[in-house]
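A.B. asks: Got a structure here, written out as structure tokens. Questions coming.
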Amino acid sequence: MIRFKLSKENLGDVTKALDGREAKNLLKTEDFDLIITDIHMPYHSGLEITTFIRNELKRSTPIIVLSAEGLEDTVLQAFEVGANDFITKPFSPAELAVRVKRILKKV
Amino acid sequence: MDFASHVWESLASPERILIILAFALLTLGFGFIVVVFLLRSRQARDDARTMETRSEIRKILNTLLVDEVSHSPSSAIAFKLSLLRKIVRKSDFKKQILIDQIIELKKNLTGSSVASLVMVFNVMKLYKLSLKKLGYTAWHDKAKGIRELAEMQHRPGLPLISPFVNSNNQILREEAILALLHLSETNPLTFLDSYEGNITLWMRLNLHRNLQKLDVRKLPNFSHWFGHKNETVVLFSLSMARAFRQLNALPEIVKLLNHRSERVVGLAVETIGVLEADEYADTIANLLVTHSNNPKIITRVIQALGGIGSSQHQDKISGFLRHESYNVRFETMRSLQKLGLSFDEILNDQEANDLKQIAKHLSEPLLS
């Protein structure tokens, strides 16, 4: 649904990874303009992926973390490891699109 | 064949039986493998069909959500709905897949997207399948139906859900109660009036969690149920009055200090303390006499007096420094400290080592 919404907003091509392992493999071979990740995923969590992007790949790609877990600790941890934004589920697709545009500075 | 029959005839009877048995077992085993294989193939086919249906439905739902119903022409919406109808047709199995997808999406989204999902549920009359489940034999089907109707805010289903509040099945009771909380527009707790079951801790936590989402002004006055014959309802109402700080319920809470149940009395005392009703400090202090044989109630009273009592209660409490129950002695020390006495003053003529140990525990700076 997110991919569909972002495509509809003409924000470019959207690549989807089914789990943390696939995400890591994709990140090793491709450079993206923006990453949207959930926290809880099979193999690697969203926080691990964020840490991987910042510390190992040394990329400054904007990262939005999307999670049902809106605890203060989780949010702070996401920002500490390098996320640019945090959206708690349930979320509005329209709001997500606006945040993505803002981050990509296409508004 | 001649050779085979010659060999067969040369065999003794037991050997023939063994061979026949072995052959029969082999045939059975082979047949079993074939049956398992066929069943698994059918299962795999069904799973693939389910995945395909789910994928088709998801694509159409995504377009509905993303295009936003409010901004789309009605012809576009009607077209998408017709596509969904074409997929599900009259199949309850496919309708169930659609319902599951709608609910899964609804849990993750807010705003106009949710309105779109509810619209699909109503316009396609998917609630009929959920209502149908309420009449199924299996309790888990009924529970699923209740949950779907609650999740999709289908208020007309309320009269059919209400009877399950007093079901023998605990899970059904809990689902029905939670559904009433979601669906009831006026007082969502009216079911308590005639509730006969046990309000478990799980139910209490969930009810509390859902009540917290309501506008505080719409919360009922929980003292309404203080006189209920079901003790768990009284306990629940009392704990909610405490949680939501309903100070206007205090006069009724005080009446509960005479309740037949020790648990209710204890919770009433605790509630008076938590609500900081110091005007009732003397009232609860009297319980130290009337319930002198009940260490649990004494502990609660002493704890409460530590918060709402005054120096005039010190003498009443200090008599419990020599109580046989360790908890009573501990709480007595703590409350006396809260009421302004130092440990030296408390331990004045007390030589008991355990009291000194309690004082040391309470004054441990690492624990403060």
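A.B. asks: Out of A:VAL100, A:VAL14, A:VAL75, I need the residue that is away from every other protein chain (no Cβ under 13 Å) and under 27 Å from B:ALA115 (Cα atoms). Which one?
C.D. replies: On the way: A:VAL14 fails: away from every other protein chain (no Cβ under 13 Å); A:VAL75 fails: under 27 Å from B:ALA115 (Cα atoms).
After applying the criteria, what remains is A:VAL100.
A.B. asks: Also, I was wondering about something else. Being within 14 Å of another protein chain (Cβ to nearest Cβ) and hydrophobic (A, V, I, L, M, F, W, C) is the filter; apply it to region A:48-72 and report the residue that is farthest from A:LEU34 (Cα to Cα). It would help to see each step written out before you state the result.
C.D. replies: So the first thing to find is which residues in region A:48-72 are within 14 Å of another protein chain (Cβ to nearest Cβ), and the list is A:66-70.
With the extra rule that they be hydrophobic (A, V, I, L, M, F, W, C), the set shrinks to A:66, A:68.
Numbers: A:LEU66: 13, A:ALA68: 20 Å.
Among residues in region A:48-72 that are within 14 Å of another protein chain (Cβ to nearest Cβ) and hydrophobic (A, V, I, L, M, F, W, C), the one farthest from A:LEU34 (Cα to Cα) is A:ALA68.
A.B. asks: Please pick out the residue among B:GLY266, B:GLY273 that is touching a Lys or Arg at 6+ places or on another chain (Cβ under 7 Å) and among the small types (Gly, Ala, Ser). Quick ask: steps written out before the conclusion?
C.D. replies: Values: B:GLY273 fails: touching a Lys or Arg at 6+ places or on another chain (Cβ under 7 Å).
Being touching a Lys or Arg at 6+ places or on another chain (Cβ under 7 Å) and among the small types (Gly, Ala, Ser) holds for just one of B:GLY266, B:GLY273, which is B:GLY266.
A.B. asks: Follow-up. Scan (1) of a type in the set (A, V, I, L, M, F, W, C); (2) part of a helix (DSSP H, G or I); (3) within 14 Å of chain B (Cβ to nearest Cβ) for the single condition A:LEU26 breaks and write down its number.
C.D. replies: For A:LEU26, the exception is condition (3).
A.B. asks: So which residues in region A:46-80 are touching a helix residue (DSSP H, G or I) at 6+ places or on another chain (Cβ under 8 Å), modelled with pLDDT under 90 and assigned to a loop (DSSP other than H, G, I, E, B)?
C.D. replies: Result: A:ALA68, single match.
A.B. asks: Here's another thing I want to ask about it. Out of (1) surrounded by 12 or more Cβ atoms within 10 Å (Cβ to Cβ); (2) within 14 Å of chain A (Cβ to nearest Cβ); (3) of a type outside the set (Asp, Glu); (4) without any contact (Cβ under 8 Å) to a residue 24 or more places away in the chain, the odd one out for B:ILE57 is which?
C.D. replies: Condition (4) is where B:ILE57 drops out.
A.B. asks: Right, something else. Can you pull out the residues in region A:81-97 that are within 14 Å of chain B (Cβ to nearest Cβ) and either outside any strand (DSSP E or B) or free of Cβ contacts under 8 Å to residues at least 12 places away in the same chain (or both)? Before the answer, list the steps.
C.D. replies: Here is the first cut: in region A:81-97, the residues within 14 Å of chain B (Cβ to nearest Cβ) are A:87-97.
Result: A:LYS89, A:PRO90, A:SER92, A:PRO93, A:ALA94, A:GLU95, A:LEU96, A:ALA97.
A.B. asks: Which of (1) under 25 Å from the mean Cα position of the chain (by Cα); (2) touching a residue at least 24 places away in the same chain (Cβ under 8 Å) does B:ILE253 not meet, given it meets every other one?
C.D. replies: In the conditions (1) under 25 Å from the mean Cα position of the chain (by Cα); (2) touching a residue at least 24 places away in the same chain (Cβ under 8 Å), B:ILE253 misses (1) alone.
A.B. asks: Same structure again: Filter region B:131-179 down to the residues that are within 21 Å of B:ARG204 (Cα to Cα), buried (at least 20 other Cβ atoms within 10 Å of the Cβ) and among the small types (Gly, Ala, Ser) and list them by number.
C.D. replies: Within region B:131-179, B:ALA143, B:ALA150, B:ALA176, B:ALA179 qualify.
A.B. asks: While we're here: Does A:ASP38 satisfy the criteria of being away from every other protein chain (no Cβ under 14 Å) and under 23 Å from A:SER92 (Cβ atoms)? Show your work before the answer.
C.D. replies: Working: away from every other protein chain (no Cβ under 14 Å): no; under 23 Å from A:SER92 (Cβ atoms): yes.
Here the answer is no, as A:ASP38 does not meet what is asked.
A.B. asks: Answer yes or no as to whether A:ASP31 is more than 14 Å from chain B (Cβ to nearest Cβ), under 20 Å from A:LEU104 (Cα atoms) and either in contact with a His (Cβ under 9 Å, 6 or more places away or on another chain) or surrounded by fewer than 16 Cβ atoms within 10 Å (Cβ to Cβ) (or both).
C.D. replies: Working: more than 14 Å from chain B (Cβ to nearest Cβ): yes; under 20 Å from A:LEU104 (Cα atoms): yes; either in contact with a His (Cβ under 9 Å, 6 or more places away or on another chain) or surrounded by fewer than 16 Cβ atoms within 10 Å (Cβ to Cβ) (or both): yes.
Answer is yes for this residue.
A.B. asks: So, B:SER74, is that one away from chain A (no Cβ under 14 Å) and at pLDDT below 90 or not? Step through it out loud before you land on a result.
C.D. replies: Values: away from chain A (no Cβ under 14 Å): yes; at pLDDT below 90: yes.
It is true that B:SER74 is away from chain A (no Cβ under 14 Å) and at pLDDT below 90.
A.B. asks: Looking at region B:276-325, what helices (runs of 4 or more DSSP H) fall wholly within it and have at least 2 residues that are surrounded by 15 or more Cβ atoms within 10 Å (Cβ to Cβ) and either touching a residue at least 60 places away in the same chain (Cβ under 8 Å) or within 39 Å of the chain's Cα centre (by Cα) (or both)? Write out each step before concluding.
C.D. replies: Numbers: elements: B:281-285, B:287-290, B:295-308, B:314-318.
Helices (runs of 4 or more DSSP H) meeting the threshold: B:281-285, B:287-290, B:295-308.
A.B. asks: Return a yes/no flag: does region B:348-366 have any residue that is on the phi < 0 side of the Ramachandran plot, in a loop (DSSP other than H, G, I, E, B) and in contact with a Gly (Cβ under 9 Å, 6 or more places away or on another chain). Steps first, please.
C.D. replies: Of region B:348-366, the ones on the phi < 0 side of the Ramachandran plot are B:348-366.
Checking the rest, the ones that are also in a loop (DSSP other than H, G, I, E, B) come to B:348-352, B:363-364.
The next check asks that each one be in contact with a Gly (Cβ under 9 Å, 6 or more places away or on another chain); those that pass are none.
No, region B:348-366 contains no residue that is on the phi < 0 side of the Ramachandran plot, in a loop (DSSP other than H, G, I, E, B) and in contact with a Gly (Cβ under 9 Å, 6 or more places away or on another chain).
The values are calculated or read from the model by the stated rules, or taken from the named source; none is laboratory data. Everything numeric here is computed off the predicted structure, so don't read it as measured data. With ideal geometry, Cβ positions are generated from the backbone for all residues, glycine too; neighbour counts draw on all protein chains shown.
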